[in-house]
Amino acid sequence: MADYITTYETAYRTNWLPGEHEDDLNDAYFGVGEPRFFDTPSALIIGRLRYTYGFETRQAIADSPTIYASYYADASVVTRAERRRYMMDETVLQPDPHTDGQVLKCFE
């Protein structure tokens, strides 16, 4: 799951930035931390990745706020929820990807 979270978030941001900045984007970079996993019953996984990104356009150089991307996975679904500001208490799962997340993948 750790590789999935890191790979998905990097691809998500890499694909999102050009759409936001069209032809103005010159460069992008990421600062990705280690995924954190929360205690859950054995049939499911909840993990979160903290990261920032930055980019350079023809007009500006900018950095993102701290982003927390949280994932929920069980035998039938993977969901993702995002928070875009620093959390003083990172042990709190906010937002909860199980109740507030967007579906990324479904399984039979």
Report, by residue number, each residue of the stretch 68-77 that is part of a strand (DSSP E or B) and either modelled with pLDDT under 90 or surrounded by fewer than 20 Cβ atoms within 10 Å (Cβ to Cβ) (or both). VAL77
Limited to the stretch 70-108, what total is found for residues that are touching a Gly at 6+ places or on another chain (Cβ under 7 Å) and among the aliphatic types (A, V, I, L, M)? 1
Looking at the stretch 38-64, which of its residues are part of a loop (DSSP other than H, G, I, E, B) and either of a type in the set (A, V, I, L, M) or at pLDDT 95 or above (or both)? ALA43, LEU44, ALA60
Scanning for something assigned to a strand (DSSP E or B), of a type in the set (A, V, I, L, M, F, W, C), under 18 Å from PRO95 (Cα atoms) and free of Cβ contacts under 8 Å to residues at least 60 places away in the same chain, does the stretch 7-25 turn up at least one residue? no
Matching residues in the stretch 8-40 (surrounded by 15 or more Cβ atoms within 10 Å (Cβ to Cβ), under 12 Å from the mean Cα position of the chain (by Cα) and small (Gly, Ala, Ser)) number 0
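The values are calculated or read from the model by the stated rules, or taken from the named source; none is laboratory data. Being a predicted model, the structure only gives us computed values, none of them experimental. Glycine gets a Cβ as well: all are built from the backbone with ideal geometry, and neighbour counts include every protein chain shown.
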